[in-house]
Structures are given as C-alpha cells and as structure tokens.
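The values are calculated or read from the model by the stated rules, or taken from the named source; none is laboratory data. Everything numeric here is computed off the predicted structure, so don't read it as measured data. A quick note on method: Cβ atoms are made from the backbone with ideal geometry, for glycine too, and the neighbour counts reach across all protein chains shown. For accessibility, only protein heavy atoms count, side chains too; no ligands or nucleic acids. Shrake-Rupley method; radii C 1.70, N 1.55, O 1.52, S 1.80 Å.
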Amino acid sequence: MTTQSAQPDLLYSEEEEALRAAVRDLLADHCDPADVIARTESGAPHDREAWKALAEGMGLAGLLVPEALGGQGATHREAAVVLEELGRAVAPVPYLTSAVVATEALLACDADDLLAELASGRRIGALAVALNIAPGGAHRTVRVEGGALHGELTGIADAAAADVLLVPAEDGGLYAVDADAVTVAAQVSLDLTRPVAKVVLDGADARRIGDAAPAVRRALRAGAGLLASEQLGLAEWSLTETVRYLKERKQFNRPVGGFQALKHRLAQLWLETVHTRAAARNAADALAGGSADADVAVALAQAYAAPVAVHAAEEALQLHAGIGMTWEHPVHLYLKRAKADAIAYGTAGSHREALAGLVDLQAP
C-alpha cells in the first residue's frame, strides 16, 4: 500500500466534476423527491431502476474494484463524489452498503468471483454487521455448525435489497451467504430510504471467504470515511434549498432572506458546510492514497460531519416554516437520513474518543 504525501489534495479534478455532473443528471431523472417519498410509503423502498442505471449503466458499483476483476479501478475520491450526489438526492439505493462497505470487505478476502459480481451491479452485497457499529467496534457473530450458519443479526442496512450477505462467525471467519438461504425481516427504521432488517440464519449454507476481523474493520472504516461525503451532500442540499426558499418567500413585502437574524444563521451553516467538505475530502483522499493517517482522517470527518448534517437539515426544516412541516415537502427525508447517519458506523462521540487516542490527546 502506498504512503500518501503530507499535503492532502482537497480539490476536485476535472474528471471528478464530470462524474458529479453525470450522476446528478441521472438522479434528476430517477430520484424526483415526490417519487422518493412515494417509494418510502410502498413495500419496496429501494429504487431498483436507479440502482441499475448507476451500477450497470454507468459502472459505478465497481469504482473501488480493480479493472482486472471487472471494476473501474478508481479510488475513494471518485466514490466520495458519487456519495455526495446520492446524499443530495437522498437516493434509496444500496450504494454505500454494497459498492463501498461490502466491496471493501471482499477486497480483504479471497473472493474475486463475488467482487466481479458486485462490480458489475448484477448482485448487491451487504455486510451483516449492524449499521451503528464503528470501525474496530464489537459486533455480533453467528455460530458455525457443520459448515452451516446459525444465529440472528439485527440492524443490517439494506439487507432487504441484498443478493449476498457477508456474515462474520464465531470461528473468526467471514462467510458469504445467498440471501435466499436466510430470513430477512424489516425492522422499524427512522430513515425509510435506507431500511434496516433482522437477518435470521437457521442452518444457512455458507462459504468461508476470509478472516472476519481485518475485513470488517476495513469495510467499516471505508464506510465511515465515505459516509461523510454523503453527509456533505445532505448539508449542501439543505443549505441551497433553504437559501432559495428564503429568497422567494416574502414577509412585510420583503424577502425573508434579507432579515439579518436569518442571514447570520445561514452564514453559520455555510461555514459548517465548507468545513465539512474539507473534512470529507480529506478522509476520501487519505483512504484513496493509503495514508498512514487514514484512521485520523476518518475519525475527524465523522466527528465533524455527522452533527453538521443534522444541524443543516434541522435549519432547513425550521426555515421552511409551515411548508417544511408537511409530508409532501422532501425536507423530512433529509432530516431522517441525517439523524440515521449520525449513528451509522459510530456516533460522533465515539469518533471523537477514537481521535483523541489516535493523536494522543486523551481527556484528563
């Protein structure tokens, strides 16, 4: 693994900006807010057509997979750009869970066939570790008896969309299990665009593909680091839409956005969003370059990005006033995603604690 230079590159390349434009155009066609809201009310929250367009049409499911295995051979920087746009659209697709987390777990194992399938978009993968577990955190495992798996795992994000589950077992192995061999039961989820589920394994046939500990840690670190880019997208949408709305809405025959108190709130939110962009880009760049400081960059990004995304969505809800309180307006989707993201792959508090240890600044 290469060592990254001391100076991170936080700017977007021309190729990354072109990728952003292409993804944004695609999502404009597939993830209209009204359609996303309607989908959350249905029994099929995942947008299969949008996923097919992203994964198969544009080849984005394989960004982190080497070209020799059918992927794009790109880096976490490009995946981060995709996640920014997915965050902006609150797209109900399993990109973070399959194209990032499950893919990273497979990259640490001997499972080239599964990597190729996930990279092609033909199959969707999910790491069977609860969404709230931080990198290096303790997680539940299942029993292995006669080559079959037994047990129950809860809080598994996008399990309902997965074709293959990557399951950690008590013997220290990571096992690939076809979704048809398990029972997946939906759990109550605040964020209806990234549902979680309980997975029950009752003698499920499985194939050991590697050691669970390094694979799970690698996967969760990448998930936490790139989640910050999704949170950046949430914050940017919240700020942009709120500014636009306040320019149009009038009170006392003046645009509400002209009131000084609201200007101050928006200025503060802009600063927080800009800082989040720097933290998220730093994490993506560190992961892409194999930096020795990648753990620090990831912890810093999550410690900062999670509360900013929530604050941005809360401000959007409040400053949209009455219309923001309606189900028809999409702002509630962003607040729910931001709140759910705030505990995904570790809370901001857990990442601050990890960061303190990494930089030797423990609290007294």
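Ranking Trp51, Trp237 by solvent-accessible area of protein heavy atoms (1.4 Å probe, all protein chains present), from largest to smallest, gives Trp237, Trp51. Placing +1 on the Cβ of every Lys and Arg and -1 on the Cβ of every Asp and Glu, with no other charges, gives the stretch 164-251 a dipole of roughly 580 debye about its Cα centre. Dipole size of the stretch 256-364 about its Cα centre, with +1 on Lys/Arg Cβ and -1 on Asp/Glu Cβ: approximately 340 debye, rounded to the nearest 20.
Positive-end ranking of Ala61, Ala105, Ala134 along the dipole of the stretch 23-139, with charges on Cβ about the Cα centre, is headed by Ala134. With viscosity 1.306 mPa s and temperature 10 °C, the Kirkwood radius over alpha carbon pairs of the stretch 200-347 converts through Stokes-Einstein to a diffusion coefficient of 93 µm²/s. Using C-alpha pairs below 8 Å separated by at least 6 residues, the relative contact order for the stretch 81-237 is 32 percent.
Taking the solvent-accessible surface of protein heavy atoms with a 1.4 Å probe, what is the per residue accessible area of the stretch 112-215 in Å²?
Numbers: 4210 Å² over 104 residues.
Per-residue value: 40 Å².
Span-like helix check, the chain: qualifying full DSSP H segments, with Cα axial length of 27 Å or more and mean Kyte-Doolittle of -0.5 or more, are 212-248, 260-289, 294-319. The calculated P(r) of the chain, using every Cα pair and 20 Å bins from 0, goes 30, 58, 11, 0 in percent.
The tail of the calculated P(r) for the stretch 1-150, taken as Cα-Cα distances beyond 22 Å, holds 49 percent of the pairs.
Quick one: order Thr183, Thr326, Thr273 from most to least accessible surface, probe 1.4 Å. Don't skip to the end; give the middle numbers.
On the way: Thr183 85, Thr326 45, Thr273 5 Å².
Ranked list, largest accessible area first: Thr183, Thr326, Thr273.
Quantify how much of the Cα-Cα distance distribution of the stretch 69-127 extends past 12 Å, in percent.
Details: 1130 of 1711 pairs.
Everything past 12 Å amounts to 66 percent.
Rounded, prolate or oblate: which fits the stretch 112-193, taking a ≥ b ≥ c as square roots of the Cα gyration tensor eigenvalues, rounded meaning a/c under 1.5, else prolate when a/b beats b/c? Here the stretch 112-193 falls in the rounded category. The charge dipole of the stretch 10-52, taken about its Cα centre with unit charges on the Cβ atoms of Lys, Arg (+1), Asp and Glu (-1) only, comes to about 220 debye.
Heavy-atom accessible area for Lys52, with the other protein chains in place and a 1.4 Å probe, reaches approximately 110 Å².
What separates the Cα centres of the stretch 146-210 and the stretch 61-135 is a distance of 17 Å.
Using a cutoff of 8 angstrom between alpha carbon atoms and counting only pairs six or more residues apart, the relative contact order for the chain works out to 19 percent. If you model the stretch 293-364 as an ellipsoid using its alpha carbon gyration tensor, with each semi-axis the square root of five times an eigenvalue, the axes come out at 32, 10, 8 Å, biggest first. If you look at the Cα atoms of the stretch 1-66, you get an Rg and a Dmax of 16.3, 49 Å. Ordered by solvent-accessible area of protein heavy atoms (1.4 Å probe), largest first, the residues Arg122, Arg281 come out as Arg122, Arg281.
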